[in-house]
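This report concerns only the one structure given below.
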Amino acid sequence: MALTFFVEGLSCRVDERCIFFVTGNARKEVEVNAILREANIAPFRVVHVDIDLPELQGPLGDRGALDIARAKCLEASERVGAAVLVEDTSLSFPALGGLPGPYIKWFIDAIGNDGLWRLLETSDDRSAFCQCTLCYSSGPGAEPLLFVGRTDGAIVPPHASSGGGGFGWDAIFVPDGHEVPFAALSLKEKNAISHRARALEKFVAHCKRPLGLSEPPGRAEDA
Ligand SMILES: O=P(O)(O)OP(=O)(O)OP(=O)(O)OC[C@H]1O[C@@H](n2cnc3c(O)ncnc32)[C@H](O)[C@@H]1O
Ligand SMILES: [Mg+2]
């Protein structure tokens, strides 16, 4: 049965097969929808809800990233009152002990891609990895499930040959096995190897798992 849902002043027509993808970032939504369309996880339909969720501060590293995504997910499911999907993306530089990590958004705001490049310019180790921590809750009060995807690469200076596509730090991140940054790849090419696609792949596998083999409540899939 379809009904009209009101979420934070927005109205959307939904039915019981909808999952709300809660993010303040429209570029994430474009990628998530493109990846899930390819994955063909019917009968689910993903509906974008534009809320910039508050983000926890905590230690760097895997536990910190999981805690941030889990807290976003709990808040989103309470605010939306339905099944929600959220994600948190980090970009880590091993040469800097993992920074910026989950604080990448504030680093970009403060120093831009040029400043990020300058942080590693004089370092022998310009490796980096991006990580998407995707979190799904089946509704308010339900323990979120976590799905992590990672892509390794290196940081390069932002320059004209980046192609001008992409968003965020796409212009300075060259994924391993490629010569050019994410920003120079087509959406399809990026989605074939991205941190986001790898996390969604695990979520899709979870959605497609045979009935009766579901995880016990409260167990996180932080693979
Ligand atoms: O509302 P949410 O979903 O939190 O959206 P956000 O833009 O605040 O996103 P994050 O908190 O996950 O912060 C990640 C930062 O990295 C950027 N980012 C996220 N995914 C990216 C990608 O695939 N390529 C390049 N930059 C990305 C994004 O623009 C942010 O500046
Ligand atoms: Mg955010």
Q) Looking at region 133-147, is at least one residue in contact (Cβ under 8 Å) with a residue 12 or more places away in the chain, out of contact with any Lys or Arg (no Cβ under 8 Å at 6 or more places or on another chain), within 12 Å of ligand 1 (Cβ to nearest atom) and not hydroxyl-bearing (Ser, Thr, Tyr)? A) no
Q: Filter region 68-106 down to the residues that are basic (Lys, Arg) and within 11 Å of ligand 1 (Cβ to nearest atom), then identify the one that is surrounded by the fewest Cβ atoms within 10 Å (Cβ to Cβ).
A: Lys105
**Q.** Selection count where residues are within 9 Å of ligand 1 (Cβ to nearest atom) and under 16 Å from the mean Cα position of the chain (by Cα), scope region 107-132
**A.** 2
Q: Take the residues in region 154-198 that are surrounded by fewer than 16 Cβ atoms within 10 Å (Cβ to Cβ) and under 21 Å from Thr133 (Cα atoms), then tell me which one is modelled with the highest pLDDT.
A: Asp176
Q | Test: residue in region 80-88 that is away from ligand 2 (no atom under 14 Å from the Cβ) and in a helix (DSSP H, G or I) | A | yes
Q. Just for region 89-120: of the residues that are assigned to a helix (DSSP H, G or I) and within 23 Å of Asp50 (Cα to Cα), which one is nearest to ligand 2 (Cβ to nearest atom)?
A. Lys105
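The values are calculated or read from the model by the stated rules, or taken from the named source; none is laboratory data. The model shown is predicted, which means the values in this text are computed figures rather than measured ones. All Cβ positions, even for glycine, are placed from backbone atoms using ideal geometry, and neighbour counts span all protein chains on display.
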